[in-house]
Amino acid sequence: MKLYLFDFDGTISSKDSMVRFFLFIYPRHTFFLKCLSCLPFLFLYYFSITNKDVIKSKILKIFLAKFSLDELHEFAVSFSNFFDPYIKEQAKSYINNLLLSDSNKVYIVTASLDLWMEPIAKKLNVNLISTQALFKNNIFEGIEGRNCIGIEKVNRIHKKINLNHYDCIYAFGDTDGDKEMLKLANYPHFRYF
């Protein structure tokens, strides 16, 4: 059996899904006002005062806490259709060919939030490992656990997949946040599509 691990943003998609999701749920002027609210957190991140997981959680909360879990799920399903043109045709075709064989297992492994990634992964007919949304009383509170990037991608892969079941591992990524996952593979592909 063969295992295929794909990063999403920049690898399978041509645009960042988080930014596009925010633009999908807000009018452009509101999106930009919310971005201004994020500046203090970006300052803390830039000067290494706070870690990336905390910053991502705070920024996501600025954009998502206004909506209920049900509203966000409805947005996410609609967003999966809206985002389809941003899926690279070459990547989509490659994945579709992989899915023709039962001996291939395909995963998206991404720092993007499960909230909007689950409907996208379902449309692509692949499995998903991603950053997890945390909800309390149906209100978004941030991310649960760590951001699924760098070594955390590898940790989650090991947690979800028994790699001993696969003869070959292929990995695809496009940034430094994918390098640990690429090292896991027999056949790493950097900026393949």
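The values are calculated or read from the model by the stated rules, or taken from the named source; none is laboratory data. Given the structure is predicted, the values throughout are model-derived calculations rather than measurements. Because the Cβ atoms are built from the backbone with ideal geometry, glycine has one as well, and the counts that use them run over all protein chains shown. With ligands, DNA and RNA removed, areas are computed over all heavy atoms of the protein, side chains included. Shrake-Rupley method; radii C 1.70, N 1.55, O 1.52, S 1.80 Å.
Starting from the Cα of ASN162, move 7 Å in the Cα-to-Cβ direction to define the label point; list residues of region 1-45 whose amide nitrogen is under 20 Å from there. Within reach of a label on ASN162, which here means backbone N under 20 Å from a point 7 Å along Cα→Cβ, region 1-45 contributes 1-5.
Given LYS56/LYS92; LYS88/LYS136; LYS56/LYS179, which pairs have Cα atoms separated by over 32 Å? Pairs exceeding the cut-off: LYS88/LYS136.
For the chain, DSSP calls about 25 percent of its internal beta bridges antiparallel. In the chain, the longest principal axis of the Cα atoms and the axis of helix 69-82 are about 60 degrees apart.
Rolling a 1.4 Å probe over the heavy atoms of the protein chains gives region 1-100 an accessible area of 55 Å² per residue. Within a straight-line Cα-Cα reach of under 20 Å, LYS183 can be paired with the following lysines, leaving aside sequence neighbours fewer than 8 residues apart in one chain: LYS2, LYS105, LYS153, LYS159, LYS160.
Cα axis of helix 89-98 to longest principal axis of the chain: angle in degrees, 0 to 90, nearest 10? The angle comes out at about 50 degrees.
Working note: 222 nm ellipticity from helices only, DSSP H runs with n ≥ 4, each -39,500 (n - 2.57), summed and divided by the residues of the chain, gives -14500 deg cm²/dmol to the nearest 500.
Here region 172-191 and region 68-132 have alpha carbon centers that stand 19 Å from each other.
For the chain, modelled as a GNM whose springs connect Cα atoms under 10 angstrom apart, the maximal fluctuation among LEU134, LEU115, LEU36 occurs at LEU36. Taking the 1.4 Å solvent-accessible surface of the chain as the whole, the part contributed by carbon and sulfur is 53%. Relative to the dominant Cα principal axis of the chain, helix 151-160 is inclined by about 60°.
FRET efficiency for the pair PHE24 and LYS66, taken as 1/(1 + (r/R0)^6) with r the Cβ-Cβ distance and R0 = 22 Å, rounds to 0.95. Remark: region 128-181 carries 50 Å² of accessible area per residue (probe radius 1.4 Å; ligands, DNA and RNA excluded).
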